[in-house]
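First comes the structure, then the notes that go with it.
The values are calculated or read from the model by the stated rules, or taken from the named source; none is laboratory data. These numbers come from a predicted model, not from an experiment. FYI the Cβ positions are ideal-geometry reconstructions off the backbone, even for glycines, and counts take in every protein chain you see.
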Amino acid sequence: MPTLMFTTLEVLVVIVLPLLWLYLRGKWPLKKVILCLFVIPILWYLTYAPIHELSHALGTIIAGGKVTELKLIPNFWEGVFAVAWVRTTGLNGFWQNMSMTGAPYILDFASILVGAVVMLRNQSKNALWVGFLFMILCLRPTFDLVCETIGFIYGFMGDLYHIQLWVGDLIITIFLVLSLGISLFLLYTIIKRYAGFYVQIDART
C-alpha cells in the first residue's frame, strides 16, 4: 500500500499538476480542462509501460539479442498496476547489455527534446491534442526518469542499478542530474511559452 500511495503521488506531481498548470495558463474552458484531466492520465497509463518495455525490446534487437518474453500491460484487473517486463537472451557484452537496459532512458531524453520543439512550435487550440502531445512527448518520459531515479536512490535493483554497475557512480549521476534538470526546465518553458501562443491566437480571433 505505501508503494501504491507513493506512485500515486508521483503521478499527481509529474503528470496531473503540469497538465493542470498548462491548461490554466492557456485559459481553456473549465469543462474542457476537466475532460482532459480525466482522459489524458488514462492514456498515459495505457502507453507508459508499453513504450518503456518496447524500448528494451528494440535495444535488444539492435544489439543482436532475442526477446523471449514481453509483458506490456500490467494486470490491473487483478490489482497489479506496475508490473511489466521484457526477457531476453543472447546479450553478453557491455554494449549489448547497455543497449538493452539503457534504451528507454535514451528514448526518454530524446522524446523530451523533440517534445520541446513540437510544443513550442505547435499552435493548436485543441485542448485534448495539446495535452496528449505534452503527455506523450514530455510528461511520460519525465515521469519515467523521475520514477526510476527515486527507485534507484531507495535501493531498487532495476535498470539504473545495473547501468550503475557497468558505468560507475559518476556517469550515472551526471546523466540523471542533466536529464532531469533539462526535463524540468523544458517543461517550465513549454508551459510558459505555449500559454502565450494560445492567448495570442485567441486575441486575433
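Inspect the stretch 167-188 for any residue being surrounded by 17 or more Cβ atoms within 10 Å (Cβ to Cβ), farther than 23 Å from M100 by Cα and at pLDDT 90 or above and give the result as yes or no.
Yes, the stretch 167-188 contains at least one residue that is surrounded by 17 or more Cβ atoms within 10 Å (Cβ to Cβ), farther than 23 Å from M100 by Cα and at pLDDT 90 or above.
Counting only residues that are exposed (fewer than 12 other Cβ atoms within 10 Å of the Cβ) and either touching a helix residue (DSSP H, G or I) at 6+ places or on another chain (Cβ under 8 Å) or in a helix (DSSP H, G or I) (or both), how many does the stretch 145-154 have? Lay out the reasoning, then the answer.
Residues of the stretch 145-154 that are exposed (fewer than 12 other Cβ atoms within 10 Å of the Cβ), as a first pass: 153-154.
Okay, now just the ones that are also either touching a helix residue (DSSP H, G or I) at 6+ places or on another chain (Cβ under 8 Å) or in a helix (DSSP H, G or I) (or both), so 153.
Final tally of qualifying residues: 1.
Working only within the stretch 1-22, note down all residues that are modelled with pLDDT of 90 or more and farther than 15 Å from F143 by Cα.
L20, W21, L22
I want to confirm something. Restricting to the stretch 155-179 and keeping residues that are of a type in the set (G, A, S) and in contact with a helix residue (DSSP H, G or I) (Cβ under 7 Å, 6 or more places away or on another chain), which single residue is nearest to C36 (Cα to Cα)?
Here the residue is S179.
Residues that are free of Cβ contacts under 8 Å to residues at least 12 places away in the same chain, among the β-branched types (V, I, T) and under 15 Å from W129 (Cα atoms): find the helices (runs of 4 or more DSSP H) completely inside the stretch 1-68 holding 1 or more of those. Show your work before the answer.
Numbers: elements: 2-11, 17-26, 30-62.
Ranges flagged: 30-62.
Filter the stretch 57-78 for residues that are under 20 Å from P41 (Cα atoms) and within 22 Å of the chain's Cα centre (by Cα); which is modelled with the highest pLDDT?
Here the answer is L72.
What's the total number of residues in the stretch 106-157 that are free of Cβ contacts under 8 Å to residues at least 60 places away in the same chain, more than 21 Å from A49 (Cα to Cα) and charged (D, E, K, R)?
Counting residues in the stretch 106-157 that are free of Cβ contacts under 8 Å to residues at least 60 places away in the same chain, more than 21 Å from A49 (Cα to Cα) and charged (D, E, K, R) gives 1.
Could you list, in sequence order, all residues of the stretch 33-73 that are surrounded by 15 or more Cβ atoms within 10 Å (Cβ to Cβ) and of a type in the set (F, W, Y)?
Passing the criteria: W44, Y45, Y48.
So which of T149, T101, T142 ends up being within 20 Å of C36 (Cα to Cα) and either β-branched (V, I, T) or touching an Asp or Glu at 6+ places or on another chain (Cβ under 9 Å) (or both)?
T142
Provide a single number: the residues in the stretch 112-131 that are under 17 Å from the mean Cα position of the chain (by Cα) and either assigned to a loop (DSSP other than H, G, I, E, B) or crowded, with 20+ Cβ neighbours inside 10 Å (or both).
6
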